[in-house]
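The values are calculated or read from the model by the stated rules, or taken from the named source; none is laboratory data. As the structure is a computational prediction, the values presented were derived from the model and not from experiment. Cβ placement follows ideal geometry from the backbone for every residue including glycine, while neighbour counts extend to all protein chains displayed. SASA here: full protein model, heavy atoms, side chains in, ligands and nucleic acids out. Shrake-Rupley method; radii C 1.70, N 1.55, O 1.52, S 1.80 Å.
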Amino acid sequence: MAIAGVVVLQVLPAPQTGATLLGDALVFASIVMFASFSVLSRAVSRRLGPITVNTFYYAVSAAVLIPIGVAQSSAFDIRAVSAVGWTSVVFLAVFPSVLAYLIFAHAVSRIPPSRVSQFSYLQPFLATLLAVPLIQEPLTSSFFAGGALVLGGVFLADRLA
């Protein structure tokens with residue numbers, strides 16, 4: 001039910017154009033990696049603690065992504081980034097990234113990953129809801145239908161778990 005809600009929230013408002021098989025494969029790989037992370041991090045977080053686990057994950061991710069970032073940004077003038085731009089980067093690194101994953105690792109060390117991951121379905125709904133006041137996104141019937149499906153799916157999964 002929650003998956004159907006996410007589809008309604010993401011597909012119905014504005015159908016995507018230019019989709020590629022590579023993009024779909026990358027999204028699928030991301031899903032598999034996050035599911036693996038969720039399941040494997042439970043035992044590791046219990047043994048080593050959420051901070052150690054997150055530090056390891058971020059270090060490995062940085063080792064993989066820095067060479068890609070350097071190669072992709074060779075023509076980018078880093079001096080052109082404003083103070084607001086750097087502040088935004090720091091904010092995004094600390095709050096939705098590091099802090100969110102620390103909370104996730106802490107939760108997964110105490111609650112089964114299947115139960116914790118149910119709440120990830122709330123992300124598209126909450127992001128769409130925040131877009132209304134922040135970027136004047138219109139409230140549409142697909143928002144209400146998708147939101148109801150997401151909230152209903154999370155509620156049912158929580159009650160049945």
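I'd like to check something: does the range 20-41 contain any residue that is over 17 Å from Val116 (Cα atoms), open to solvent by less than 80 Å² (accessible area, probe 1.4 Å) and among the β-branched types (Val, Ile, Thr)? Show your work before the answer.
The first filter runs over the range 20-41 and keeps only residues over 17 Å from Val116 (Cα atoms), leaving 20-30.
Of the ones still in play, those that are also open to solvent by less than 80 Å² (accessible area, probe 1.4 Å) are 20, 23, 25, 29-30.
From what's left, among the β-branched types (Val, Ile, Thr): 20.
Looking through the range 20-41, at least one residue is over 17 Å from Val116 (Cα atoms), open to solvent by less than 80 Å² (accessible area, probe 1.4 Å) and among the β-branched types (Val, Ile, Thr).
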Selection count where residues are farther than 20 Å from Pro96 by Cβ and either within 23 Å of the chain's Cα centre (by Cα) or aliphatic (A, V, I, L, M) (or both), scope the range 42-63: 8
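Regarding the range 62-81, can at least one residue be identified that is among the small types (Gly, Ala, Ser) and closer than 19 Å to Pro50 by Cα?
First pass over the range 62-81, keeping only residues among the small types (Gly, Ala, Ser): 62-63, 69, 71, 73-75, 80.
Narrowing further to those that are closer than 19 Å to Pro50 by Cα: 62.
Yes, the range 62-81 contains a residue that is among the small types (Gly, Ala, Ser) and closer than 19 Å to Pro50 by Cα.
Please verify whether Gly85 is modelled with pLDDT of 80 or more and in a helix (DSSP H, G or I), treating the condition exactly as stated.
Values: modelled with pLDDT of 80 or more: yes; in a helix (DSSP H, G or I): yes.
The answer is yes for Gly85.
If I filter the range 51-68 for residues that are of a type in the set (Gly, Ala, Ser) and outside any helix (DSSP H, G or I), do I get at least one hit?
First pass over the range 51-68, keeping only residues of a type in the set (Gly, Ala, Ser): 59, 61-63.
Within this subset, residues satisfying the condition of being outside any helix (DSSP H, G or I) are none.
No, the range 51-68 contains no residue that is of a type in the set (Gly, Ala, Ser) and outside any helix (DSSP H, G or I).
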List pairs: first residue in the range 59-87 and open to solvent by 60 Å² or more (accessible area, probe 1.4 Å), second residue at pLDDT 90 or above and hydroxyl-bearing (Ser, Thr, Tyr) anywhere in the structure, Cβ distance under 8 angstrom, at least six positions apart or on different chains. none
Just one of Val8, Val44 is surrounded by 10 or more Cβ atoms within 10 Å (Cβ to Cβ), touching a helix residue (DSSP H, G or I) at 6+ places or on another chain (Cβ under 6 Å) and at pLDDT 75 or above; which is it? Val44
What about Val98, is it without any contact (Cβ under 8 Å) to a residue 60 or more places away in the chain, under 20 Å from Ser45 (Cα atoms) and β-branched (Val, Ile, Thr)? yes
Considering only the range 91-99, I want to know if a residue exists there that is of a type in the set (Val, Ile, Thr), open to solvent by 70 Å² or more (accessible area, probe 1.4 Å) and part of a helix (DSSP H, G or I). no
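Considering each residue of the range 121-143, count those that are under 22 Å from Ile31 (Cβ atoms), without any contact (Cβ under 8 Å) to a residue 60 or more places away in the chain and either open to solvent by 60 Å² or more (accessible area, probe 1.4 Å) or small (Gly, Ala, Ser) (or both), and give that number.
Quick first cut of the range 121-143, residues under 22 Å from Ile31 (Cβ atoms) only: 121-128.
Going one step further and asking which of them are without any contact (Cβ under 8 Å) to a residue 60 or more places away in the chain, we end up with 122-123, 126-127.
Then keep just the ones that are either open to solvent by 60 Å² or more (accessible area, probe 1.4 Å) or small (Gly, Ala, Ser) (or both); that gives 123, 126-127.
Total meeting the criteria: 3.
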Looking only at the range 110-161, and only at residues there that are among the aliphatic types (A, V, I, L, M) and outside any helix (DSSP H, G or I), the one that is nearest to the chain's Cα centre (by Cα): Ile111
